[in-house]
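Some notes on the structure that comes next.
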Amino acid sequence: MPVKTTAIGKSYDPVVYAVGREKVGEYARAVGEASPLCLDVEAARAAGYPDVLAPPMFAVVYCAPAVGPLIFDPEIGINFAMMVHAGQEFVWDRPVVAGDEITTTASVKDISERDGRAFYVFESVSENQRGERVCTATWTNIVRGA
Amino acid sequence: MRRVAELRAGDQIPELRVTPDRYLTLRYAGASGDFNPIHVDEEFARSVGLPGRILHGLWTMAQVARAQTEAAGGPERLKRISVQFRGMGLPEQEVVVTGTVTEIRNGCAVIDTVAEQAGNQIIRNAEAEVEL
């Protein structure tokens, strides 16, 4: 069955994620991030941040509500049972701290097929409450048996 | 003040070794919101042909990221990272992240990096840029 490519270029409604201090701490502990900038508000303030700094990979948390729905969008048509997360890129422009409200917009960058595998490439762009870009991410999923 | 690492082309970054404990995937699921049952449900994971619950690829990617930021002097220094996921990571086995600085570009160190578990690369072809 040929892979549907009609969703290429489709953009989704932005999703706002409010970054909480305890959520940053919970995430930092789960990934072993021990920097006091992420765990100790006084240390973060002493270093010039208004609140605890989100570890860079916390981008996963604020992007997920925007990117997750694409996997289940029937217009894209991913066979979730056969899907593998194959590649991931993040580019960070500026720090994210507790108290920020991050707006993430996801889109379908590309859908292609080779060697019986379908490649779904999603992009997400995240901005803070001042409209400054904080992170751009590229999510690559492969579906076998396409 | 934290030390800003001196990294030069050809340098290896300090190895990061971490052993995810038995319940790590549950804590990471809660922290990240990714409750895919292959990560949290032993029975389900086996029913789809896996050896058991597997690590979240994005947790392993966070270990790769942490190896870079610890080499560079702090979590604020990571500017870019791209990875390919391969195979699967398992709880209760040591993950080892290694990396080599390939060049210094625009005040950033560019680092080729991988994560291995029991000799298998579970993250490969990864590249990171950290601000110096």
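Structure above, values below:
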read-out: Alpha-carbon Debye profile of chain B, log10 I(q)/I(0) at 0.13, 0.18 Å⁻¹; value: -0.55, -0.93
read-out: Once exposed loop trypsin sites (Lys or Arg not before Pro) are cut out (DSSP; at most 16 other Cβ, 10 Å), longest piece of chain A; value: A:11-129
read-out: Reference-scaled alpha-carbon Rg (2.2 N^0.38 Å with N residues) for the protein assembly as shown; value: 0.98
read-out: Net charge, A:VAL52 excluded, C-beta distance under 14 Å - Lys, Arg +1, Asp, Glu -1; value: -4
read-out: Rounded tilt (10° steps) of A:21-31 against the dominant C-alpha axis of chain A; value: 60
read-out: Proximal lysines to B:LYS79, defined as alpha-carbon separation beneath 24 angstrom and excluding residues fewer than eight positions away on the same chain; value: A:LYS23, A:LYS109
read-out: Most positive-pole-ward Cα, A:VAL96, A:ALA106, A:MET82, against dipole of segment A:74-119 from beta carbon charges; value: A:MET82
read-out: Sequence-distant residues sharing a close amide H with B:ALA126 (under 5 Å, placed H); value: B:GLN84, B:THR113
read-out: Karplus-derived HN-Hα couplings along segment A:115-127 (A = 6.51, B = -1.76, C = 1.60, θ = phi - 60°), whole Hz, x at Gly and Pro; value: 6, x, 10, 9, 10, 10, 10, 10, 10, 10, 10, 10, 10
read-out: Charge dipole of segment B:1-103 about the Cα centre (unit charges at C-beta), most positive-ward option of B:ALA29, B:ALA9, B:THR69; value: B:ALA9
read-out: Calculated log₁₀ intensity ratio I(q)/I(0) where the Debye formula runs over C-alpha points of segment A:28-146, q = 0.10, 0.11, 0.15, 0.22 Å⁻¹; value: -0.38, -0.45, -0.73, -1.17
read-out: Acute angle (nearest 10 degrees) that the helix B:57-72 long axis makes with the longest principal axis of chain B, alpha-carbon atoms; value: 20
read-out: Per-residue mean of C-beta atoms belonging to partner chains within 10 Å, peptide A:58-64; value: 4
read-out: Within-12-Å neighbourhood charge of A:LEU39 [Cβ basis; K, R +1; D, E -1]; value: -4
read-out: Cβ-based net charge around A:ALA86, under 10 Å, with every Lys or Arg adding one and every Asp or Glu removing one; value: +2
read-out: Average partner coverage of B:76-89, which counts Cβ from other chains inside 10 Å; value: 5
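Only the coordinates and a few stated rules stand behind these numbers; no lab work does. Small disclaimer: the values here were computed from a predicted structure and weren't measured. As a convention, Cβ positions derive from the backbone with ideal geometry for all residues, glycine included, and neighbour counts pool all protein chains shown.
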